[in-house]
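We did not get these values from a lab; they are worked out from the coordinates using the rules stated. Here the structure is a predicted model, which is why all the values come from computation and not from measurement. Note that each Cβ is placed from the backbone with ideal geometry, even for glycine, and that neighbours are counted across all protein chains shown.
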Amino acid sequence: MSAPLLSLRDFRVSFYTPNGVVQAVRGVDLDVHPGEMVGVVGESGSGKSVTFLGLLGLLPSTAHISGSATVNGIEMVGAPNKVMRTVRGKQVAMIFQDPLSALNPVYRVGNQIVEMIQSHEDVAKKDAWERAVDLLNTVGIPQPKARAEQYPHEFSGGMRQRAMIAMALANSPDVLIADEPTTALDVTVQAQILEVFQRIQRELNKAVVMITHDLGVIARVADRVQVMYAGRAVERAKVDDLFASPTHPYTQGLLDSLPRPGQSVLQPIMGSPPNMLQPPPGCGFAARCKYATNLCSEHLPELVPFGNSETACVRIADIDLSRVEV
Ligand SMILES: Nc1ncnc2c1ncn2[C@@H]1O[C@H](COP(=O)(O)OP(=O)(O)OP(=O)(O)O)[C@@H](O)[C@H]1O
Ligand SMILES: [Mg+2]
């Protein structure tokens, strides 16, 4: 397999707050290869956004980052701002969780893409504008010429998402990170946007990270999936394997809580994630896990190969793997 375009090793983010240190990301590993889409799932607060905002150097100064995060082999942790700025946009781009806050309301959409292009390349405005229109076309915006002249408020939610994708593609980055890009959209528009991502990934051979808490999205588009819980990766597998035989109790709980036809009562995961100001020394999921024993509270479990997955669970040998019906 080719070298990964994006690579995280023991990646950590802590926030220094008046109440103490929030250990938001606690040692995450991840590789994403060209032409591959990796889904990152996990419930709210599990550290999905912070991981990738940290990688891009987009967190406030209260954030302390350690470990390693490379893009195309360039180390981002501790990199000078100049390097960060060059890599950001040009080699890796992020589509943010909230498109309205990322688009500037007082600039035409076309101009925002032009600015993005010109920040990395010495291109005449007219040429950059043509490329902006092409990009809007690529992401499936109808009448892209006319739309480029409009302001963000004249776009629907789905079109704003597409405009964000167009901006992220402006400098042909090798790695695209999409943070909940379809959460606020109806299913038809969601399907169209996911198709745009798949085209980018396959036809342009990009590496895509799809952050979402929607397992349906992952099932539809991702090749592999990394499940996050309390700032750690608890399971990693190919999508088909994860859905066919989830191994970690948290992943099983996630799949069990998906609505199914003919089922009147959903089975949510009871309890809530730990307080990241004082995360437990052992498995973060132990307090909610029916398999937990004293052993689980002693050490943070690492991901280890199990069947077709990698799972961070010391009780893995005793887990009922036939339980989940998907
Ligand atoms: N600036 C900050 N200062 C302190 N803590 C923060 C800050 N930003 C994020 N956090 C904390 O970091 C943890 C991870 O947050 P993150 O935004 O990565 O969650 P997420 O998995 O993306 O959740 P969601 O699905 O809701 O988007 C949370 O506990 C959050 O409260
Ligand atoms: Mg988030």
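Taking Cα atoms, how many degrees apart are the long axis of helix 125-138 and the longest axis of the chain, rounded to 10 and kept between 0 and 90?
50 degrees
Only bridges whose two residues both fall in the stretch 13-130 count here: according to DSSP, what percent of them are antiparallel, nearest 5? Don't skip to the end; give the middle numbers.
On the way: 10 of 11 bridges.
So the antiparallel bridges amount to about 90 percent of the total.
For helix 109-120, report the angle its Cα long axis makes with the longest principal axis of the Cα atoms of the chain; keep it between 0 and 90° and round to the nearest 10°.
So the inclination is approximately 80 degrees.
To check you understand DSSP bridge types, tell me what percent of the beta bridges within the stretch 128-271 (both residues inside) are antiparallel, rounded to 5. Can you show the working numbers first?
Numbers: 6 of 11 bridges.
Beta bridges within the stretch 128-271, antiparallel portion: roughly 55 percent.
Treating only the Cα positions of the stretch 53-155 as identical point scatterers, give the base-10 log of I(q)/I(0) from the Debye formula at each q in 0.12, 0.15, 0.20 Å⁻¹.
-0.50, -0.74, -1.07
Suppose we take every Cα in the stretch 122-163 and form the convex hull; what volume per residue is that in Å³?
Working: hull volume 3.0 nm³, N = 42.
Convex hull of Cα atoms, per residue: 72 Å³.
Taking the chain, how many lysine pairs are there with alpha carbons less than 20 Å apart, if each pair must be eight or more places apart or span two chains?
Details: Lys48/Lys238; Lys82/Lys90; Lys90/Lys125; Lys90/Lys206; Lys125/Lys145; Lys126/Lys145; Lys206/Lys238.
Lysine pairs, 8 or more places apart or on different chains, close enough: 7.
I'd like the Kirkwood hydrodynamic radius of the stretch 1-127, using the inverse of the mean 1/r over distinct C-alpha pairs, in Å. Don't skip to the answer; put the middle values down first.
Details: mean 1/r = 0.0612 Å⁻¹.
Kirkwood hydrodynamic radius for the stretch 1-127: 16.3 Å.
Restricting things to alpha carbons, tell me how big the stretch 167-223 is in terms of Rg and Dmax, in Å.
10.9, 30
With the crude spin-label approximation of a point 7 Å out along Cα→Cβ, what separation in nm comes out for Asn308 versus Asp241?
Distance between the two pseudo-spin positions: 0.8 nm.
Determine the calculated [θ] at 222 nm for the chain from helices alone, applying -39500 (n - 2.57) to every DSSP H run no shorter than 4 residues and normalising by the residue count; nearest 500 deg cm²/dmol.
Values: 11 runs with 104 residues, N = 326.
-9000 deg cm²/dmol, from helical runs alone.
Given the peptides 127-135, 59-67, arrange them by the average over their residues of other C-beta atoms within 10 Å, most packed first. Show your work: numbers first, answer last.
Details: 127-135: 19.2, 59-67: 13.8.
Ranked from most to least packed, the peptides come out as 127-135, 59-67.
Provide the percentage of antiparallel DSSP beta bridges, counting only those with both residues in the chain; round to the nearest 5.
Numbers: 31 of 49 bridges.
Beta bridges within the chain, antiparallel portion: roughly 65 percent.
Run through all the Cα pairs of the chain and give the fraction in each 20 Å bin from 0, expressed as whole percent.
All Cα pairs considered, the percentages come to 31, 56, 13, 0.
Å³ per residue of the Cα convex hull, for the stretch 186-284?
Details: hull volume 13.7 nm³, N = 99.
Once divided by residue count, the hull of the stretch 186-284 is 138 Å³.
Run the quick spin-label model on His64 and Thr17: label points 7 Å from Cα toward the beta carbon, then report their separation in nm to one decimal.
1.6 nm
Looking at the stretch 60-90, which trypsin sites (Lys or Arg not before Pro) are DSSP coil and have at most 13 other C-beta atoms within 10 Å of their C-beta?
Numbers: sites: Lys82, Arg85, Arg88, Lys90; in loops: none.
The qualifying sites: there are none.
Give the distance, in whole Å, between the Cα centre of the stretch 34-80 and the Cα centre of the stretch 172-244.
Going from one Cα centre to the other spans 16 Å.
Between helix 187-203 and the chain, what is the angle of the helix's C-alpha long axis to the longest principal axis, kept within 0 to 90° and rounded to the nearest 10?
The answer is roughly 80 degrees.
Normalized C-alpha radius of gyration of the stretch 233-326, against 2.2 N^0.38 Å? Show your work: numbers first, answer last.
Working: Rg = 13.6 Å, N = 94, 2.2 N^0.38 = 12.4 Å.
The value comes to 1.10.
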